[in-house]
Structure formats: C-alpha cells, structure tokens
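Each value in this text was obtained by applying a stated rule to the coordinates, not by laboratory testing. None of the values given here were measured: they were computed from a predicted structure. Neighbour counts are summed over all protein chains in view; Cβ atoms, including those assigned to glycine, are modelled from backbone coordinates with ideal geometry.
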Amino acid sequence: MRKLGVACGEGQAVEVRGGEVGVIGIWGVPGVGKTTLAKVVFNKMRKSFDASSFLEDISLEGVPFLRRLLINDLLKQKSAPLESASKGIEEIANLCHNAKVLIVLDDVEEDEQIRALAGKLTWFGSGSRIIVTTNKREVLNAFDVGAVDGQKVEEYKLEPMRDHGALRLFREHAFEGKTPEGVSEYDSLSRDIVQVIGGLPSDIVRHASFLRDNMNIYTWKTTLKLLRENPKNRQAAFRVSYARGSELEISIEDNRLSHPI
C-alpha cells in the first residue's frame, strides 16, 4: 500500500503517512480482480480513518442514489433525501472537510460519477484516501487535483495472473487443493482449461467452481472444447457448458431411476 502512503504491520494499516489527500486509481481489463484488491485494501485500512465508505458496482446505480449512500456511510446513519445535486456536494464537503475519510468508488465508468462523489480533493480532510477501480484509465482525469499543489492521481495497473498462480487458483476452487499434480486426468485438463481462460481470476473461479460441482470427464472435456471454440466469449462458453452439464446430470439421474442399483 505504498502508493497510498500507508504503513502496515501484521496485515493491517498502522499509520497513514502524509497530510495530503491521496488518490489511487486501480485499472485493468474486466475480471482481473480490481474489486477484490480494493476490498482487501479497504478492510486493512478502514480502522485508521474517522469514517469510510465502499461504494460497490457504482456503474449500476444513479449518481443521486450513490451520493446519498456515501453520505449515509460517512454519517453512519440514515439521513434525509437531498434537495439537489449542489446540496449533495455541499453536504459531502461539510462532512469531510475536517475528517480523515477512506472512500472506494468501485467500477467507475463515467467522469460524472467521480465529479459528483469525490471530484474536488479540497472536500476532504487531511490524510484522506480515495480509491477508484475502473476499466477506463481516462476517467481518472476527472479528479480536480489542480487546486492542491503537487497533488496527482497515483495509478496502479492490475495485470492478469501468471500461469502458475492461475493454475493454483483454479485447483483451489476445483479440487479444494486435494488433487495431486500429474496424477489425474483432471490435472491435465486443468492445465489446458487455465491456459485457454488466461489469467483473469473471476473467470478462473467461475469455471473451477462449476467444474467442482460437475466432477465428470465428459463435462470437463466439453468445457475445454467450448472454451477453445469461443476464445473471445468465455461467458457464452460457460453458459453452454453449464447447460450441457445440467442436461448430463438429468440424463444420469433418469438412467438411475430406470435401472436401480
């Protein structure tokens, strides 16, 4: 957490260094783990601040709702509806001007979302930290840092996982860490599936969890085949694989009912 000017000890933030308002933008392709990383950082840091707020998936909500949610978090209570956008901005500035706050804006897609919720760093008290996750690096330019000498938005590009880490994550979710390397046919399929998926944690976990619940070679081979046929649309491949896995389960169950053991 060096980019945020935070000293850590035993897995938790122990000191927020510097009196400036710090801003960091975590950006990268969808599914690379930006929200997960932001949650880890937020949970380690939140106790070092006067107030905190994690606004998740803000691209799914309107600005007025998000502004109210932010104010509620900072007040730690439900507050009255806002009369206007300017009233909301004024309330955020009044609440935070003398407070050290930690705010996470997750999944930002539009400049307006930043401008409405944390656009001016002068709104926030000394030592405050703002974290943004986004697929669009350019939205980080929406912060008004010109009013503070020497202030800038720090950036952290989150890259996909490397092969070894991606395979380990897959095994943890598909086998709960119990399948030894190089022994099972499943292990060979695991390597091939991870290679096709790439290093995106959300895709790895989704497919591994599905395959854990469908531990049969047919479903695993079918999933690999569909992923290879749809390299640019893994979600579609997953849906088809899931549907076929369900069909297989029904077929097996029907067969058991027709031919009881």
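How do the peptides 163-170, 114-121 rank, highest first, by the average count of neighbouring beta carbon atoms within 10 Å per residue?
Values: 163-170: 16.4, 114-121: 21.2.
Result, highest mean first: 114-121, 163-170.
Put simply, when 189-195, 44-50 are sorted by average Cβ atoms within 10 angstrom per residue, most first, you get 189-195, 44-50. Maximal additional length on extending the Val40-Asn94 stretch stands at 16.6 nm, based on 0.36 nm per residue less the C-alpha distance.
The stretch between Glu56 and Glu154, if pulled fully straight at 0.36 nm per residue, gains 33.2 nm over its current Cα-Cα span.
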